[in-house]
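Reviewing the structure listed below.
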Amino acid sequence: MTATIAKLNHEVKDLSLAPLGKQRISWAGREMPVLKLIKERFAQEKPFAGIRLVACCHVTTETANLAIALKAGGADAILIASNPLSTQDDVAASLVVDEGIPVFAIKGEDNATYHRHVNIALDHKPNIIIDDGSDVTATLIQERQNQIPDIIGTTEETTTGIVRLQAMFKDGVLSFPAMNVNDADTKHFFDNRYGTGQSTLDGIIRATNILLAGKTIVVVGYGWCGKGTAMRAKGMGANVIVTEIDPVKAIEAAMDGFRVMPMAEAATYGDMFITVTGNKHVIRGEHFDVMKDGAIVCNSGHFDIEIDLEALKSKSSEVRIVRPFTEEYVLKSGKSIVVLGEGRLINLAAAEGHPSAVMDMSFANQALACEYLVKNKGKLEPGLHSIPKELDREIASLKLKAMGITIDTLTAEQISYMNSWTSGT
Ligand code: NAD
Ligand code: ADE
């Protein structure tokens, strides 16, 4: 370890993991061409010179590429984990050793350490916060009001974080602009749907190595993540049941070919349950009571609140680890229920999160949202702001180009037709 690294503030598992992390960050970068272009421009233009930035994200190879792009743009950036179980320790090490970026994240850190890291992030006195779940922003508002004048704005990328920001705004405590990255089409259409769809099943398979074909899988919630998860589970040969509370989403699921029913009924059929609602206790005591022996439950929603594990614990005589990220709860009734990844997002706990190709677009949005905040410093109203449509379209165009796909453009006649109302039948 060089003297410089020793001096660099950090808290990671093991700096000697850096070479593996560097290799994997570079591999992920190959699938992130849009972010690469943005990084190259940032390196020229230095939009973040003099800006202190905190990123609270899952510390993955993709996040590393984002952090490197922000640093190339001149940001004085530090990175903390947005979830106790999602950190890739080799990546954290490489960011410290190879990139000189302070990282505070250790896979498996306890809640106290997680909150200490959130406070270390705020000690950095950020001007911009990149949040994933809004824990840094909530802590700032609850405990560090005196730092609010330093804030130019925040960016938030997950659905749950946006719900929290909306609640903060409603309570009159959100006094700075917050960019709604989740709202960008190039984010939720792809990250939430195809990213969560693939990586959730990846996490389940890595944790259990079970065959999905022929299994009855209950997907709880048919929003963007639920649609992707149900679609991919069906593609793997599972019989998918959907549960919902929104009548429109329930019709959509039914017309997409899934069986739809209340959880009380679905609980009796499922071999496996995947929660993706962002809501609390969508699987609870009364559902465990009627589940089959050996049923597997897991979550891919942001927080570990979707499955009522306290209720399950109270019904159990023993909890044993049967594989990494796989715990068997032996119920007093004699049957067992298997919980994956401690009820935390299974795609990041047991696998590596979304593939780089989708995070390319999510993080292009994050990077451009940060630049937009700096460019519009002092001009944006407090509250949530969508990513401007032209940035969303620019990201989509760059992604298409990188994928080698060209599309049609409007003819002059079509433009004129679309702008007129006089020609009908
Ligand atoms: P969404 O709002 O599009 O969908 C959530 C759905 O859950 C809605 O249709 C809602 O009606 C439904 N729902 C709410 N309560 C329910 C209940 N009790 N029973 C059944 N359905 C219920 O949100 P989304 O974008 O799909 O995100 C869902 C969660 O996944 C959020 O917590 C989000 O932050 C998280 N997320 C995780 C990842 C990941 O990497 N694992 C990626 C993106 C989003
Ligand atoms: N959220 C979901 N997948 C992710 C990934 N690969 N990196 C960072 N955040 C994520």
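The values are calculated or read from the model by the stated rules, or taken from the named source; none is laboratory data. Every value quoted in this text rests on a predicted model; they were computed, and no experiment measured them. When we count neighbours, we look across all protein chains shown, and the Cβ atoms used for this are built from the backbone with ideal geometry, even at glycine. The accessibility values were calculated without ligands, DNA or RNA, using every heavy atom of the protein model including side chains. Shrake-Rupley method; radii C 1.70, N 1.55, O 1.52, S 1.80 Å.
Okay, here's what the table says:
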| item | result |
| --- | --- |
| Qualifying positions in the stretch 352-366 - within 12 Å of ligand 2 (Cβ to nearest atom) and either open to solvent by less than 10 Å² (accessible area, probe 1.4 Å) or at positive phi (or both) | 353, 360, 362, 363, 366 |
| Checklist (1) in contact with an Asp or Glu (Cβ under 6 Å, 6 or more places away or on another chain); (2) touching a residue at least 24 places away in the same chain (Cβ under 8 Å) applied to residue 322, failing item | (2) |
| Sole residue being surrounded by fewer than 24 Cβ atoms within 10 Å (Cβ to Cβ) and within 16 Å of ligand 2 (Cβ to nearest atom), chosen from 30, 52 | 30 |
| Residue 197 vs. criteria within 16 Å of ligand 2 (Cβ to nearest atom), assigned to a helix (DSSP H, G or I), open to solvent by less than 10 Å² (accessible area, probe 1.4 Å) and over 27 Å from residue 271 (Cβ atoms) | no |
| Residue check, residue 71 within 24 Å of residue 207 (Cβ to Cβ), open to solvent by 40 Å² or more (accessible area, probe 1.4 Å) and among the basic types (Lys, Arg) | no |
| Verdict on residue 214 being of a type in the set (Gly, Ala, Ser), modelled with pLDDT of 95 or more and within 16 Å of ligand 2 (Cβ to nearest atom) | no |
| Residue list for the stretch 66-112, filter: over 21 Å from residue 47 (Cα atoms), away from ligand 1 (no atom under 16 Å from the Cβ) and without any contact (Cβ under 8 Å) to a residue 40 or more places away in the chain | 108, 109, 110, 111, 112 |
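Conditions (1) open to solvent by less than 40 Å² (accessible area, probe 1.4 Å); (2) within 22 Å of the chain's Cα centre (by Cα); (3) assigned by TED's automatic domain parsing to the domain that holds residue 91; (4) more than 30 Å from residue 45 (Cα to Cα), marked per residue:
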{"site": "297", "(1), (2), (3), (4)": "yes, yes, no, yes"}
{"site": "305", "(1), (2), (3), (4)": "no, yes, no, yes"}
{"site": "319", "(1), (2), (3), (4)": "no, no, no, yes"}
{"site": "326", "(1), (2), (3), (4)": "yes, yes, no, yes"}
{"site": "329", "(1), (2), (3), (4)": "yes, no, no, yes"}
{"site": "368", "(1), (2), (3), (4)": "yes, yes, yes, no"}
{"site": "372", "(1), (2), (3), (4)": "no, yes, yes, no"}
{"site": "376", "(1), (2), (3), (4)": "yes, no, yes, no"}
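So that you can scan it fast, the table gives a plain yes or no per residue for (1) closer than 24 Å to residue 223 by Cα; (2) more than 16 Å from ligand 2 (Cβ to nearest atom):
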| residue | (1), (2) |
| --- | --- |
| 255 | yes, yes |
| 283 | yes, yes |
| 295 | yes, yes |
| 298 | yes, no |
| 301 | yes, no |
| 307 | yes, yes |
| 314 | no, yes |
| 321 | no, yes |
| 328 | no, yes |
